[in-house]
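The values are calculated or read from the model by the stated rules, or taken from the named source; none is laboratory data. If you're wondering where the values come from, they're calculated on a predicted model, not measured in any experiment. We work out accessible area using only protein heavy atoms, side chains counted, and drop any ligands, DNA or RNA first. Shrake-Rupley method; radii C 1.70, N 1.55, O 1.52, S 1.80 Å.
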Amino acid sequence: MTQTRRAARIARRMASIEPFHVMALLARARELEGAGRSIIHMEIGEPDFPTPEPVVRAGIRALEQGALHYTATPGLPQLREAIAGYYRARYGADVSPSRILVTTGSSAALMLACAALVNPGDEVLLADPGYPASRHFVRVVEGVPRPVPVDAASGYQLAPDHLERHWSARTTAALVATPSNPTGTLITTERLGEMAEIARSRGGTLIVDEIYHGLVYGDDYTSAVALADDVVVINSFSKYFCMTGWRLGWMVAPADLVGELEKLAQNLYLAAPTPAQHAALAAFEPGTLATLSARAGEFKARRDYLVPALRELGFDIPVMPQGAFYIYAGCGRLTKDSYAFARDLLEKAGVAITPGVDFGANAPERHVRFAYTQSIERLKEGVARIAGFLKAQA
Ligand SMILES: Cc1ncc(COP(=O)(O)O)c(C=O)c1O
């Protein structure tokens, strides 16, 4: 087959799906480690903590007891109940378990939401910088992602004003993540409510990705679930619950969407992994929640160390990140090319960070993301190495 014919077989939409560029850096970091180099990983977007012990034990029990058949597509009834109970306990929100769908990570929930809401040609508003997969989910269903550049003025988040200005006749949804990846910043409760109202008044939908909920280091936040019942809310066991590899998430959907989403999920993946669902039941036990809350405290301590340390080194962090485990730092005073900077930092100093290019087109060459998914001791070592690297460059 000729090169041209082979290229023609690939769907056109694939041209707008980009890989996670950080994976190339991670691969290089692993290669260097394989060759004996010590690498400080500040690029990894998952908790360094293991899955809590009771969850692991519940997973093993499920395997031993042969809980290995498909569950119902929307998930184990007792898990949907437990998630509803979590909203009640944590946010004082009453959600019917019938609106909760357990999914294969929040990734599947995002895919379902886009497939169920976005027609070909429909536009979806997103913050730039933002989590790259979000715009790609929109693309996969032939929608048009409309990245809106955001900066310190709106806390690196979409604000009601952005929705007012950018919502067009073709816009069908706005998709936000709070706290955000890569900026770690939050949308306040008041703004979130206003944004839900704007979407509603335009006949569209607000989709809120709350995957970093739980990892929030302040008080002014609630789940969008508590604000409105026509918002699509997405969450996951990956981050706060330290269960990335179990591939389990969920969504809370408006009642009129549940049947459509269930139909789609049946076709796309049938059901989320059964052992993972049984394991996740233990995630809501008081002992597990206490462990997770202590870990959130540890993440906060790391943030409190790292933000001033990076500012001291010359990185610009105009807004204190209030959640997740990311700092999106301006590096314009240190380099004109964040990708080359990240590459050199890895090669010369053994510190891996993520260049801005992964998160959109809004000045990516002047930004890098730090993930504090390492102990404070390792972060301190990372900061010392970056200081040495910068000194050698000067
Ligand atoms: C903002 C955001 N949403 C969704 C995901 C997908 O996570 P998962 O599929 O593990 O729930 C990630 C992963 O990093 C993320 O950062």
(message) Tell me which DSSP H helices of the chain clear both cut-offs, 15 Å or more of axial length from alpha-carbon atoms and a mean Kyte-Doolittle hydropathy of at least 0.0.
(response) 22-34, 53-64, 105-117, 255-268, 376-393
(message) Considering only protein heavy atoms and a probe of 1.4 Å, how much of the accessible area of the chain is carbon and sulfur, as a whole percent?
(response) 53 percent
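Run the helix sum for the chain: -39,500 (n - 2.57) per DSSP H stretch of 4+ residues, divided by residue count, reported at 222 nm to the nearest 500 deg cm²/dmol.
When only DSSP H runs of four or more count, the value is -13000 deg cm²/dmol.
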(request) Multiply the residue separation of residue 53 and residue 220 by 0.36 nm, subtract the distance between their alpha-carbon atoms, and state the gained length in nm to one decimal. (result) 57.1 nm
(request) Calculate, for region 257-394, the solvent-accessible area per residue in square angstrom, rolling a 1.4 angstrom probe over the heavy atoms of the protein chains. (result) 40 Å²
(request) Report the far tail of the P(r) of region 1-130, meaning the percent of Cα-Cα pairs longer than 22 Å. (result) 67 percent
(request) Hey, could you grab the Kirkwood Rh for the chain? Inverse mean 1/r over distinct alpha carbon pairs, Å, one decimal. (result) 21.8 Å
(message) Given a 1.4 angstrom probe, what's the average accessible area per residue across region 131-252, in square angstrom?
(response) 32 Å²
(request) Provide, for the chain, the number of lysine pairs with alpha carbons under 27 Å apart, each pair being eight or more places apart or on different chains. (result) 9
(request) Specify the inter-centroid distance of region 7-69 and region 179-241, based on alpha-carbon positions, in whole Å. (result) 25 Å
